[in-house]
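Comments concern the structure below.
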Amino acid sequence: MRKFNLVQTAICMVAILCMATTLQAQSGYKNPIIRGFNPDPSVCRVNDDFYLVTSSFEYFPGLPIYHSKDLVNWQQIGHCLTRDSQLPLQKAPASAGLYAPSLRYHDGLFYVICTNVSGGGNFFCTATDPAGPWSDPIWVAINSIDPDIFWDDGRTYFVTQGNEGIRVTEIDIKTGKTVAPERLVWGGIGGRFPEAPHIYKKDGYYYLMLGEGGTEYMHSVTIGRSKDLFGPYESCPLNPILTHANRRGQANRIQGVGHGDMVQTQDGSWWMVFLGFRVTHQWAYYHVLGRETFLAPVDWPNGGWPQVNGNGTVSLEMHVPTLPLQPFEKTPVRTDFNDEKLNFDWQYLRNPIREHYSLTEKKGYLRITASPHTLNDADAVSMVCRRQTEHDFMAATELEFNSSKENEEAGMTLIQNNAHHYDLLFRKSGNKRMVQLRVCVGSLSFIAAEKLVNANRILLKITGTPDQYTFICADPQKKEELVLGKQDTRYLSTEVAGGFTGVMIGLYASSNGKPSSAKAYFDWFDYQAKE
């Protein structure tokens with residue numbers, strides 16, 4: 001009898017521990033939910049699945065699509081725009097290209113609505129599967145950015161921003177043509193750059209939510225409501241319902257919060273996804289990771305106004321109930337280039353020249369053929385890149401480069417835009433090989449450090465902290481690492497470089513303005529970040 005009681009007690013204790021673990025797993029999460037350069041999020045729910053899209057600007061493929069079961073854990077499942085015919089980005093300047101998409105589901109179709117400011121303007125694409133393939137763009141002749149689509153009583157409305165406020169225009173959903181004049185419906189609460197409009201119909205009201213203040217430190221989310229789609233809209237007495245541009249948010253490591261979208265879960269709760277950025281220090285306002293995607297709970301009573309996380313602010317550690325968490329497997333540290341396609345982490349800068357890349361020419365290697373274009377050019381440089389997702393990280397690669405000309409180089413770069421990047425490069429100098437650390441900040445470009453080496457293969461490594469990047473090289477055979485130099489992270493920050501993107505880690509090859517057939521072979525790439 002005693003033995004049975006002990007067994008029963010043990011079973012109960014295990015059950016209690018399991019229950020406690022489950023409850024703990026459903027009572028908090030870390031912000032941001034999608035880390036690194038992933039701004040302007042828009043979200044929709046279809047049954048028990050959530051889908052989300054973010055901006056991608058001049059990077060190709062365009063508009064990453066993410067999937068989640070719990071709003072906390074996300075996995076990329078594809079891109080909306082994967083064909084050159086869908087996304088012309090030739091010679092697109094830094095922070096041009098694709099702005100602020102919306103993602104919606106209606107009558108069995110997914111819709112991504114967006115603006116290509118580098119060519120074409122406003123458009124929407126459709127798909128039956130959010131992983132793709134997506135249709136070619138259907139263009140909408142309305143001059144604006146940040147578009148959304150709203151369906152009501154069998155009609156389709158295009159919702160856009162304007163300098164004077166938010167506009168609503170009826171369109172033909174099959175052709176994209178306007179069928180009624182644009183109508184200005186609400187100017188917000190008076191902040192600059194009223195943008196990012198989304199309309200929700202709830203409890204007999206049309207709620208119009210937008211971003212105000214510009215996507216910098218004065219950013220915010222405001223909301224109004226009306227019994228009529230075209231207004232007049234009354235302003236929420238809690239406005240702005242989300243901002244850190246006040247005393248409550250001034251010391252927060254998260255700044256610039258705004259540009260939100262809301263979704264209701266299957267349990268009836270409401271949540272908001274929105275952009276923000278993590279500054280390097282509490283009082284040192286620099287950010288290098290770009291604008292990221294954050295999450296907050298929303299209390300939205302029947303007939304009432306939505307309130308974000310109790311007081312309109314958010315934190316890195318969110319201690320709130322969530323849906324049952326369903327995490328995905330973590331991405332491996334190493335990319336070994338054994339597959340025939342790069343995974344979704346990797347992107348090109350503008351439309352790539354396809355023949356400059358191969359994963360099959362030399363098994364287990366990524367081959368990049370040098371382009372005459374340099375990282376300073378707003379053109380189709382020979383580079384693949386992925387986001388820096390944390391301040392503390394390590395990135396490394398092993399490179400084989402047998403170039404015989406001094407103008408040819410290959411290596412790894414940290415690039416914010418074509419005028420702000422740090423390059424750890426491998427090139428010929430006389431009869432020897434050389435590793436160099438090059439700094440490009442605005443109109444200033446110089447070699448900060450260099451090291452002669454006696455091999456055609458080199459290990460290149462970059463580590464990061466909130467304050468600085470460290471650039472390292474080594475002979476792969478000897479494994480003895482040499483610190484080539486260190487550079488301040490601030491010069492790759494948005495505060496210095498400007499624009500709307502974040503730091504990308506790139507593998508590249510260039511012949512610096514001259515024709516070339518030089519080939520760089522990257523054996524593997526490691527990326528490890530500390531949240």
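The values are calculated or read from the model by the stated rules, or taken from the named source; none is laboratory data. Everything numeric in this text was worked out from a predicted model, so none of it was measured. Here the Cβ is made from the backbone with ideal geometry for all residues, glycine too, and neighbour counts use every protein chain on show.
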Exercise for review: Go through region 107-155 and give me each residue that's closer than 23 Å to Ala180 by Cβ, free of Cβ contacts under 8 Å to residues at least 24 places away in the same chain and of a type outside the set (Lys, Arg).
Suggested key: Asp107, Leu109, Gly121, Thr126, Asn143, Asp153, Gly154
Exercise for review: Keeping to region 290-319, report how many residues are assigned to a loop (DSSP other than H, G, I, E, B), small (Gly, Ala, Ser) and buried (at least 21 other Cβ atoms within 10 Å of the Cβ).
Suggested key: 2
Review point. Is there a residue in region 264-277 that is touching a residue at least 12 places away in the same chain (Cβ under 8 Å), of a type outside the set (A, V, I, L, M), closer than 23 Å to Arg490 by Cβ and surrounded by 18 or more Cβ atoms within 10 Å (Cβ to Cβ)?
Key: yes
Point to revise | Exclusive hit being within 30 Å of Gln266 (Cβ to Cβ) and either in contact with a strand residue (DSSP E or B) (Cβ under 6 Å, 6 or more places away or on another chain) or free of Cβ contacts under 8 Å to residues at least 40 places away in the same chain (or both), set Val333, Val314 | key: Val314
Review point. Quick one: is Lys451 assigned by TED's automatic domain parsing to the domain that holds Cys385 and farther than 28 Å from Gly36 by Cβ?
Key: yes
Practice item. Looking only at region 134-142, decide whether some residue is among the hydroxyl-bearing types (Ser, Thr, Tyr) and part of a strand (DSSP E or B). Key: no
Point to revise | Flag if Pro232 is without any contact (Cβ under 8 Å) to a residue 60 or more places away in the chain, over 16 Å from Val308 (Cβ atoms), surrounded by 21 or more Cβ atoms within 10 Å (Cβ to Cβ) and over 21 Å from the mean Cα position of the chain (by Cα) | key: no
Practice item. Return the total of residues in region 441-454 being surrounded by 13 or more Cβ atoms within 10 Å (Cβ to Cβ) and either touching a Gly at 6+ places or on another chain (Cβ under 8 Å) or under 14 Å from Ser429 (Cβ atoms) (or both). Key: 6
**Study point:** Options Glu182, Glu212, Glu195: the member that is of a type outside the set (Gly, Ala, Ser) and more than 26 Å from Val273 (Cβ to Cβ)
**Key:** Glu182
Exercise for review: From (1) closer than 30 Å to Gly499 by Cβ; (2) over 22 Å from the mean Cα position of the chain (by Cα); (3) part of a loop (DSSP other than H, G, I, E, B), pick out the condition that doesn't hold for Pro324.
Suggested key: (1)
Check your understanding: Which strands (runs of 3 or more DSSP E) sit wholly inside region 437-491 and have at least 2 residues that are among the acidic types (Asp, Glu) and free of Cβ contacts under 8 Å to residues at least 60 places away in the same chain?
Key -> 481-488
Check your understanding: Is it true that Ala419 is over 16 Å from Trp524 (Cβ atoms), outside the structural domain of Gly290 (by TED's automatic domain parsing), under 21 Å from the mean Cα position of the chain (by Cα) and modelled with pLDDT under 95?
Key -> no
Check your understanding: Residue check, Gly506 against (1) of a type in the set (Gly, Ala, Ser); (2) at pLDDT 95 or above; (3) not in a strand (DSSP E or B), all met but one. Which one?
Key -> (3)
Practice item. Please find, among Asn454, Asn512, the residue that is of a type in the set (S, T, N, Q) and at positive phi. Key: Asn512
Point to revise | Test: residue in region 48-66 that is surrounded by fewer than 17 Cβ atoms within 10 Å (Cβ to Cβ) and either at pLDDT below 95 or in the same structural domain as Val221 (by TED's automatic domain parsing) (or both) | key: yes
Check your understanding: Any idea how many residues of region 507-531 are buried (at least 23 other Cβ atoms within 10 Å of the Cβ) and either of a type outside the set (A, V, I, L, M, F, W, C) or under 20 Å from the mean Cα position of the chain (by Cα) (or both)?
Key -> 3
Review point. Among the strands (runs of 3 or more DSSP E) confined wholly to region 179-234, which include 3 or more residues that are at pLDDT 95 or above and among the aromatic types (Phe, Trp, Tyr)?
Key: 205-212
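Go through region 209-228 and give me each residue that's surrounded by 20 or more Cβ atoms within 10 Å (Cβ to Cβ) and out of contact with any Leu (no Cβ under 9 Å at 6 or more places or on another chain).
Met209, Leu210, Glu212, Gly213
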